[in-house]
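One structure is given below, encoded as structure tokens.
Just so it is clear, none of the values below were taken in a lab; they were calculated from the coordinates. It should be emphasised that the depicted structure is a prediction, and the values quoted were computed from it without experimental measurement. All Cβ positions, glycine included, derive from the backbone under ideal geometry; neighbour counts span all protein chains shown.
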Amino acid sequence: MTQVHLYISGRVQGVFFRHHTHKKATALKLTGWVRNLSDGRVEVFAEGPSDKLEELINWCHQGPPAADVEKVDVEWLEEGPQYGDFRIQG
């Protein structure tokens, strides 16, 4: 199972980014989590098939309608923790 770790910058907090990311990841049948960071970014950790992770990454470049995404940092990982679902953290 492939994993990806994302940091999304821009106007991404207070625009339901976590909620919409959860909805998108669940629809893609990915597992992992999404959370806000104290520096204003959103952090995402997701695992699943590479093509579905690519779809999530592409979606994160735009985000929900009220978001203004400036940058998405992507780190691909081969193996790590396994999650049973996709959750919104803190």
Exercise. Just the Cα atoms of the stretch 2-79: what Rg and Dmax do they give in Å?
Worked result: 11.2, 33
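Which net charge results when you count Lys and Arg as +1 and Asp and Glu as -1 among the other residues whose beta-carbon is under 13 Å from that of Trp33?
Numbers: positive: Arg18, Arg35, Arg87; negative: Glu43, Glu47, Asp85.
Result for the local shell: 0.
Of all the stretches in the chain, which is the longest one without any exposed loop site, taking GluC sites (Glu not before Pro) in a DSSP loop (any state but H, G, I, E, B) with at most 16 other Cβ atoms within 10 Å? Present the calculation step by step, with values, prior to reporting the outcome.
Values: sites that count: Glu78, Glu79.
Result, exposed sites excluded: 1-77.
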Exercise. Helix 17-27: angle to the longest alpha-carbon principal axis of the chain, degrees 0 to 90, nearest 10?
Worked result: 30 degrees
Seminar exercise, completed: Between the Cα axis of helix 50-60 and the main Cα principal axis of the chain, the angle (0 to 90°, nearest 10) is 10 degrees
